[in-house]
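Quick notes on the structure that follows.
What follows draws every value from the coordinates through simple rules; no lab data is involved. Bear in mind the structure is a predicted one, so any value in this text is a computation, not a measurement. Here the Cβ is made from the backbone with ideal geometry for all residues, glycine too, and neighbour counts use every protein chain on show.
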Amino acid sequence: MEERLTLEEQGEAARVFVAGLLEQFGVAADVGTRTLDEETVEVTATGSDLGLLVGPRGATLAAVQDLARTVVQRQSVSRTDRILVDIGGYREKRSAALRRFTQGVADEVLASGTERALEPMSAADRKVVHDTANEIDGVQTRSEGEEPRRYIVIELAD
Amino acid sequence: MMADGAEPVDDVQEDGDVNRVDAEVAADDDAGNRRAGGTSLAVVRYLLDAIVAEPEAVVIDTEERSGTVRFRIHVAPDDMGRVIGRRGRVAQAIRTVVAAAGARDGVSTSVDIVDD
């Protein structure tokens with residue numbers, strides 16, 4: 001057990017874990033880290049033949065991220081920061097698509113004046129939708145329902 | 001004619017299980033990886049070593065049948081919580097990643113964490 005790891009050290013521990021895992025899978029990839037904000041670091045793996053590690057709707061990627069967090073937590077006595085993992089650009093493509101979708105729904109809400117409930121989404125996806133919608137003038141968001149069926153409603157701003 | 005026809009029949013009787021024959025043929029096609037489930041076994045071992053505090057106490061029993069590789073995992077008592085995680089989240093993540101590794105070998109996988 002180490003003492004509190006810096007964000008950079010946590011990112012490096014996660015990077016080493018993900019790189020080793022890809023090696024066990026026998027896939028060639030470049031694995032790096034980038035700091036997204038002062039408490040978020042993302043491990044990014046790029047290369048070909050990474051689809052298997054993304055899985056259906058990113059399920060395998062989500063599992064890899066869970067495990068990377070577990071491994072980093074094991075090395076740190078105190079709480080850890082946010083550790084994200086992206087493989088083959090999946091998360092980036094997914095959030096770009098979600099941002100476009102959110103903009104489209106927000107436009108409809110603004111035109112019709114009627115709120116729209118979205119499909120249930122993961123917490124990570126909801127964050128993208130909240131962040132995107134809250135930058136659009138005239139609409140706001142709220143979450144309803146219980147996990148794992150929690151969903152967002154986009155409505156006209158008060 | 002009789003002898004020609006008899007030979008494959010003997011083979012089928014010997015192996016008994018058609019699925020097992022298919023699995024063996026599939027494994028043989030994969031020249032780089034003779035042992036069915038080789039990638040998934042390596043991945044199970046890697047994940048456990050990364051998660052537990054006592055890697056030397058990890059024992060992985062492997063059982064192969066009909067294209068399915070079943071891993072039965074034993075860890076030190078103090079590591080059970082780490083490997084299972086809150087609401088089984090770590091165990092589920094291990095299963096998901098090991099299943100992806102199994103897909104690379106053309107096998108299904110199951111992972112049981114055994115409470116000794």
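Worth a mention:
- Selection among A:A106, A:A123, A:V85 by position relative to the dipole of segment A:29-158 gives A:V85 as farthest towards the positive end (Cβ unit charges, Cα centre).
- Acute angle (nearest 10 degrees) that the helix A:7-25 long axis makes with the longest principal axis of chain A, alpha-carbon atoms: 80 degrees
- Projected-area mean, chain A, by convex hull of Cα positions, square nanometres: 10.5 nm²
- Contact order for chain A, expressed relative to its length and based on alpha carbon pairs under 8 Å spaced 6+ residues apart, stands at 19 percent.
- Longest to shortest principal axis, alpha-carbon extents of segment A:7-88, angstrom: 35, 22, 19
- Spin-label pair A:R57/A:S122, simplified geometry with 7 Å Cα→Cβ offset, distance in nm: 1.0 nm
- Antiparallel bridge percentage (DSSP; both residues within segment A:17-158; nearest 5): 70 percent
- The relative contact order of segment B:38-114 comes to 38 percent, based on Cα pairs under 8 Å that sit 6 or more residues apart.
- Förster-model FRET efficiency, 30 Å R0, B:E54 and B:S108, C-beta, rounded to 0.05: 0.55
- Antiparallel %, DSSP beta bridges [both residues in the protein assembly as shown], to 5: 65 percent
- Binning all Cα-Cα separations of segment B:55-113 at 10 Å, short to long from zero, yields these whole-percent fractions: 23, 50, 25, 2.
- Relative contact order for segment A:93-156: 41 percent, from Cα pairs under 8 Å spaced at least 6 residues apart, divided by residue count.
- If R0 is 35 Å, the Cβ-Cβ spacing of A:T46 and B:D116 corresponds to a FRET efficiency of close to 0.25.
- Exposed loop sites here are trypsin sites (Lys or Arg not before Pro) assigned a DSSP state other than H, G, I, E or B and surrounded by at most 16 other beta carbons within 10 Å; excluding them, the longest clear run of chain A is A:5-78.
- For chain A, the Cβ-based charge dipole about the Cα centre amounts to some 440 debye (Lys, Arg positive; Asp, Glu negative; other atoms uncharged).
- MRE, 222 nm, helices only [DSSP H, n ≥ 4, -39500 (n - 2.57), over the protein assembly as shown, to nearest 500]: -16000 deg cm²/dmol
- Counting every alpha-carbon pair across the protein assembly as shown, the share separated by more than 25 Å comes to 57%.
- Chain A: angle of helix A:90-112 to the longest principal axis, Cα-based, in degrees nearest 10: 10 degrees
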